[in-house]
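Here's the structure we're looking at; comments come further down.
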Amino acid sequence: MASVESWAWWLLVAVLLCAPVVHTALLEFVMFGIGASAAALTAGLGGGIVLQFVVFLATTLALLVLVRPITRRQRREAASVRHGIEALKGVEAVVLERVDENDGRIKLKGEIWSARALAAGQVFEPGEKVSVAEIDGATAVVL
């Protein structure tokens, strides 16, 4: 009967350790939860309390040493990918209607955008290739 109680306690610990992930997105808590789940399995199979703690510590440490660096690297790489309007900066576009400092139209990544030249007095004629310097609202500022 004692082994049933210990595996239940370990499962409760596993759930409690995994709960903060919902709010913090720290995957380290999941690794501790998996360690607690492994200890619960050990308890369910009849392992003693010392073995349960050894399995908990060994599983958790193995995950922290082996998996944590991989997840950190993937998070860093994902953060370096530009999204939204940031991804449009520096992209080449084709002028469809004359672009000056006030108005114009370009084709940018298959879509038609309103555009204006970055520098005053700068003019781009249809067919010319331009580079997007920034996005101002729904207007591409080109050079």
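The values are calculated or read from the model by the stated rules, or taken from the named source; none is laboratory data. Source: prediction; values computed, not measured. Backbone-built Cβ (ideal geometry, glycine too); neighbour counts: all protein chains shown. With ligands, DNA and RNA removed, areas are computed over all heavy atoms of the protein, side chains included. Shrake-Rupley method; radii C 1.70, N 1.55, O 1.52, S 1.80 Å.
Might you check whether a residue that is of a type in the set (S, T, N, Q) and either modelled with pLDDT of 95 or more or over 30 Å from ALA25 (Cα atoms) (or both) occurs anywhere in region 92-115? Checked against the condition, which is being of a type in the set (S, T, N, Q) and either modelled with pLDDT of 95 or more or over 30 Å from ALA25 (Cα atoms) (or both), region 92-115 yields at least one hit. Taken together, the residues in region 20-53 that are open to solvent by 50 Å² or more (accessible area, probe 1.4 Å), within 25 Å of THR71 (Cβ to Cβ) and part of a loop (DSSP other than H, G, I, E, B) amount to 3. Selection of region 131-143 for residues being part of a strand (DSSP E or B) and exposed (fewer than 14 other Cβ atoms within 10 Å of the Cβ) yields SER131, ASP136. Against the test of being out of contact with any helix residue (DSSP H, G or I) (no Cβ under 7 Å at 6 or more places or on another chain), outside any helix (DSSP H, G or I) and over 17 Å from LEU143 (Cβ atoms), the options ILE70, ILE112, ILE106 yield a single qualifying residue, ILE112.
For region 101-130, filtered to residues that are touching a Gly at 6+ places or on another chain (Cβ under 8 Å) and open to solvent by less than 40 Å² (accessible area, probe 1.4 Å), the residue that is farthest from ARG82 (Cα to Cα) is PHE124.
Filtered by the rule that a residue be exposed (fewer than 13 other Cβ atoms within 10 Å of the Cβ) and not small (Gly, Ala, Ser), region 72-87 gives ARG72, ARG73, GLN74, ARG75, ARG76, GLU77, VAL81, ARG82, HIS83, GLU86.
Among the residues examined, GLY90 does not qualify as part of a loop (DSSP other than H, G, I, E, B), open to solvent by less than 90 Å² (accessible area, probe 1.4 Å) and within 30 Å of GLY33 (Cβ to Cβ).
Within region 54-67, being open to solvent by less than 40 Å² (accessible area, probe 1.4 Å) and either touching a Ser or Thr at 6+ places or on another chain (Cβ under 7 Å) or not in a helix (DSSP H, G or I) (or both) holds for one residue alone: VAL55.
In the set GLY121, GLY127, only one residue is over 30 Å from PHE32 (Cβ atoms) and in contact with a strand residue (DSSP E or B) (Cβ under 9 Å, 6 or more places away or on another chain); that residue is GLY127.
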